[in-house]
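*Asks:* Just dropping this structure here.
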Amino acid sequence: MSQLDSVIKPKTKRSKRFLERRAPKLSEDLKSAMIMKGGNTSQTVTQALKDIYSLKKPNAVLYKKKNITRPFEDSTSLEFFSKKTDCSLFLFGSHNKKRPNNFIFGRLFDFHVLDMIELGIEKYVSLSEIKTSKCPEGTKPMLIFAGEAFDTDNEHKRLKSLLTDFFRGPTVSAVRLAGLEHILHFTALDGKIFMRSYRCLLKKSGCRTPRIELEEIGPSFDFVLRRTHLASDDLYKLAHKQPKALKPRKKKNVSYDAFGTKFGRVHMQKQDLSKLHTRKMKGLRKRKGEVQATSLPTHPTLDTVFFFPLE
């Protein structure tokens with residue numbers, strides 16, 4: 001058992017706070033990514049890693065030194081750095097004759113590699129080459145996935161899930177209209193994945209709804225899918241398991257119709273209609289000397305249920 005796997009008892013208040021931040025929570029913190037380069041890299045891979053880091057900031061760690069490792073052969077170094085920096089996502093860049101300009105996107109579960117997908121860079125345009133104003137650091141992007149392969153092919157489905165985890169940004173309860181200014185567009189076509197980055201411009205339209213224009217800000221990638229390392233269905237299902245405390249509880253006697261109207265169901269006590277008091281009419285009064293009519297049979301008891309809309 002390594003030192004990171006052993007049980008560590010805090011000796012100071014600072015170390016206690018550090019361990020409390022690392023402890024499991026019902027609502028986990030935002031996922032961070034570590035971005036590193038291998039032993040052999042090219043100028044294209046180095047600049048591309050910096051551009052991805054600028055999109056991911058401040059929830060990313062950029063390693064400037066080279067790391068001689070091969071994730072598909074041995075992932076122990078990645079798991080070590082994941083425990084050290086508390087990162088569950090990684091991007092590894094490398095370059096060699098067999099696989100030039102290579103990217104490996106991956107994520108970890110319980111500090112062990114869950115899945116990895118290797119993408120080759122065929123065409124790349126950096127942020128500095130596109131002379132336009134950029135989005136502020138930390139802007140939450142809008143993700144768009146186009147292409148039939150993202151819905152039909154298993155590898156592209158996992159790639160879509162992985163890219164969503166990598167670029168999704170923080171979880172927020174509300175977003176203002178002016179904050180929707182960064183768009184990341186992924187297109188799967190003819191065995192390639194095209195990544196484009198746009199800035200959303202709100203123009204005057206003469207009405208309350210603004211006119212929207214898209215301006216490319218970079219970076220721009222043309223990827224080709226290479227090797228994959230996907231988790232088994234059981235492990236993938238376990239990684240998506242949520243604690244019972246976060247699952248929404250089902251409310252009894254509440255239903256919705258096709259239009260979204262909320263209805264409540266109220267159960268009344270049993271009623272005996274033979275004891276029901278009705279309005280007395282003058283024409284139905286008994287006259288003197290008439291034989292009293294036999295009483296009506298009692299009605300059976302009913303369990304009444306009422307439905308009414310809720311606000």
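The values are calculated or read from the model by the stated rules, or taken from the named source; none is laboratory data. All values reported here derive from a predicted model rather than from experimental measurement. Note that we place each Cβ from the backbone using ideal geometry, even for glycine, and neighbour counts take in every protein chain shown. Heavy atoms of the whole protein, side chains included, go into the accessibility calculation; ligands, DNA and RNA do not. Shrake-Rupley method; radii C 1.70, N 1.55, O 1.52, S 1.80 Å.
*Asks:* Could you tell me the calculated FRET efficiency between residue 201 and residue 43, based on Cβ-Cβ distance and R0 = 41 angstrom, to the nearest 0.05?
*Replies:* With R0 = 41 Å, the Cβ-Cβ based efficiency is 0.80.
*Asks:* While we're looking at this one, here's another question. Subtract the Cα-Cα distance of residue 239 and residue 63 from 0.36 nm times their separation in residues, and report this length gain in nm to one decimal.
*Replies:* This chain segment gains 60.7 nm when fully extended.
*Asks:* Oh, and also: Per residue of region 40-56, in order, report the coupling 6.51 cos²θ - 1.76 cosθ + 1.60 (Karplus, θ = phi - 60°) as ³J(HN,Hα) in whole Hz, putting x for Gly and Pro.
*Replies:* 10, 9, 10, 5, 5, 5, 4, 5, 5, 5, 5, 5, 5, 5, 5, 6, 8
*Asks:* Can you tell me the FRET efficiency between residue 226 and residue 151 if r is taken as the Cβ-Cβ distance and R0 is 30 Å, rounded to the nearest 0.05? It would help to have the intermediate numbers written out before the result.
*Replies:* Details: r = 21 Å, r/R0 = 0.72.
Efficiency at R0 = 30 Å is approximately 0.90.
*Asks:* So, one more: Add +1 for every Lys or Arg and -1 for every Asp or Glu among the other residues with Cβ under 10 Å from the Cβ of residue 123, and state the total.
*Replies:* -1
*Asks:* Using the Cα centre as the reference, give the magnitude of the dipole from point charges on the C-beta atoms of region 30-240 (Lys, Arg: +1; Asp, Glu: -1; all else neutral), rounded to the nearest 20 debye. Numbers along the way, then the final one.
*Replies:* On the way: 34 positive and 24 negative charges, 163 e Å.
Charge dipole, region 30-240, about its Cα centre: 780 debye, nearest 20.
*Asks:* Using the Cα centre as the reference, give the magnitude of the dipole from point charges on the C-beta atoms of region 1-108 (Lys, Arg: +1; Asp, Glu: -1; all else neutral), rounded to the nearest 20 debye.
*Replies:* Using Cβ point charges on Lys, Arg, Asp and Glu, region 1-108 gives about 440 debye.
*Asks:* Further question: When DSSP assigns beta bridges and you keep just the ones with both residues in the chain, what percent turn out antiparallel, to the nearest 5?
*Replies:* In the chain, DSSP labels about 80 percent of beta bridges as antiparallel.
*Asks:* Run the numbers on the chain and let me know its relative contact order in percent, using alpha-carbon pairs under 8 Å that are six or more apart.
*Replies:* 14
*Asks:* Using +1 at the C-beta of Lys and Arg and -1 at the C-beta of Asp and Glu, which of 229, 268, 88 has the Cα lying farthest in the positive direction of the dipole of the chain?
*Replies:* Final value for the positive-end residue is 268.
*Asks:* With a 1.4 Å probe and all protein chains left in place, how much accessible area per residue does the chain have, in Å²?
*Replies:* On a per-residue basis, the chain sits at 72 Å².
*Asks:* Spin-label point model (7 Å from Cα, Cβ direction): what's the residue 9 to residue 216 distance in nm?
*Replies:* 6.1
*Asks:* Please list, by residue number, every one of the GluC sites (Glu not before Pro) in region 31-126 that is coil in DSSP and has at most 14 other beta-carbon atoms within 10 Å.
*Replies:* Details: sites: 73, 79, 118, 122; in loops: 73.
Sparse-neighbourhood loop GluC sites (Glu not before Pro): 73.
*Asks:* I'd like the carbon and sulfur percentage of the solvent accessible area for region 30-240, probe radius 1.4 Å, heavy atoms only, ligands and nucleic acids excluded.
*Replies:* 51
*Asks:* Using a 1.4 Å probe on the protein heavy atoms only, what accessible surface does residue 12 show? Give it in Å² to the nearest 10.
*Replies:* Here the residue's solvent-accessible area equals roughly 80 Å².
*Asks:* Could you work out which residue, out of 41, 69, 278, moves most in a Gaussian network model of the chain, that is, has the largest mean-square fluctuation with Cα springs under 10 Å?
*Replies:* Highest fluctuation of the listed residues: 278.
*Asks:* Find, among the trypsin sites (Lys or Arg not before Pro) in region 81-111, those assigned to loop by DSSP (not H, G, I, E, B) with at most 12 other beta-carbon atoms within 10 angstrom.
*Replies:* 97, 98
*Asks:* List the trypsin sites (Lys or Arg not before Pro) within region 226-273 that DSSP assigns to loop and that have no more than 16 neighbouring Cβ atoms inside 10 Å.
*Replies:* Passing both the DSSP loop test and the Cβ count: 241, 249, 250, 251, 252, 270.
*Asks:* Suppose a student asked you for the relative contact order of region 128-214, using Cα pairs under 8 Å spaced at least 6 residues apart; what percent would you report?
*Replies:* 29
*Asks:* Further, regarding this structure: Cβ under 15 Å from residue 215's Cβ, residue 215 left aside: what net charge do those residues give with Lys, Arg +1 and Asp, Glu -1?
*Replies:* Counting the neighbours of residue 215, the net charge comes to +2.
*Asks:* Turning to a different aspect of this structure: Among DSSP beta bridges lying fully in region 134-200, give the percent that are antiparallel, nearest 5.
*Replies:* Values: 8 of 13 bridges.
The answer is about 60 percent antiparallel.
*Asks:* So, one more: Which whole-Hz ³J(HN,Hα) couplings does region 108-113 yield from phi under the Karplus relation 6.51 cos²θ - 1.76 cosθ + 1.60, θ = phi - 60°, glycine and proline marked x?
*Replies:* 10, 10, 6, 6, 10, 4
*Asks:* Starting from the Cα gyration tensor of the chain, multiply each eigenvalue by 5, take the square root, and state the resulting semi-axes largest first in whole Å.
*Replies:* Largest first, the chain gives 62, 28, 19 Å.
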